[in-house]
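Let me begin by presenting the structure, written as structure tokens, before commenting on it.
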Amino acid sequence: MRKTLISTLWLVCALLQQVQASESHPLLPEATAVAPSVEFTRFGFSIYRAQLWAPKGRYIPDQPFVLSLTYSRDIARDRLLDASLTHMQKLGAPVQDQPHWRGELESVLTDVKQGDTLSGVYRPGQGAEFFYQEKKLGDLNDALALHFFSIWLDPRTSEPELRLALIGQSR
């Protein structure tokens, strides 16, 4: 009886993941989840849950995608900006040569509270649109958008396990 119950629960969980993965994203209807959402923690504290959506549920770097972050805690926009610029610079982005980038990023980021979701929709060659709770915040040009998304998706990211989980290649 216990084995049957465990097997049934496992099957239900697997089916729920398949249903979730097959649903399209409202900001990019041709996109489905690449993998289940993944939790990012720092010093044992949850910061956000991240999920990547792409056409046919497969991340291909030069194809459109949506990256959504649902925050587990309140974070001020200035902290998000500083962290973003720092990570971009570590990946080789010419942050110091582009002082206007801070203002451009400021237009697409906002203070977040626990449970809030920020999403970026990237379209190659066009740039990205950013949304807070599905309300549009603004746009970034293609070059800056690529540097921004590299924080999570570049193979040299500071969080390679998070990247692998996002793109569906967890170890």
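Points to keep in mind about this one:
- Within the range 27-53, the set of residues being over 15 Å from L164 (Cβ atoms), touching a strand residue (DSSP E or B) at 6+ places or on another chain (Cβ under 9 Å) and touching a residue at least 12 places away in the same chain (Cβ under 8 Å) comprises L27, L28, E30, A31, T32, A33, S46, I47, Y48, R49, W53.
- Residues of the range 118-171 satisfying the condition of being among the aliphatic types (A, V, I, L, M), in a helix (DSSP H, G or I), closer than 21 Å to P36 by Cα and touching a residue at least 24 places away in the same chain (Cβ under 8 Å): I151, L153, L162, A165, L166
- Residue within the range 17-25 that is buried (at least 17 other Cβ atoms within 10 Å of the Cβ) and in a strand (DSSP E or B) present: yes
- Hits in the range 84-117 (condition: of a type outside the set (A, V, I, L, M) and part of a strand (DSSP E or B)): T117
- The set of residues in the range 51-83 being crowded, with 19+ Cβ neighbours inside 10 Å and either part of a helix (DSSP H, G or I) or among the small types (G, A, S) (or both) consists of A54, S68, L80.
- Some residue of the range 86-93 being exposed (fewer than 13 other Cβ atoms within 10 Å of the Cβ) and over 23 Å from I167 (Cβ atoms): no
- Counting only residues that are among the polar types (S, T, N, Q), free of Cβ contacts under 8 Å to residues at least 60 places away in the same chain and closer than 18 Å to A35 by Cα, the range 54-102 holds 2 of them.
- Selection from the range 28-50 of residues that are of a type in the set (V, I, T) and surrounded by 13 or more Cβ atoms within 10 Å (Cβ to Cβ): T32, V34, V38, I47
- Looking across D97, D142, one residue alone is closer than 30 Å to P55 by Cβ and surrounded by fewer than 17 Cβ atoms within 10 Å (Cβ to Cβ). It is D142.
- Of the criteria (1) closer than 19 Å to L52 by Cβ; (2) surrounded by 19 or more Cβ atoms within 10 Å (Cβ to Cβ), which one P124 fails: (2)
Where a number appears in this text, it was derived from the coordinates with a stated rule and is not lab data. Computed from a predicted structure; not experimentally measured. FYI the Cβ positions are ideal-geometry reconstructions off the backbone, even for glycines, and counts take in every protein chain you see.
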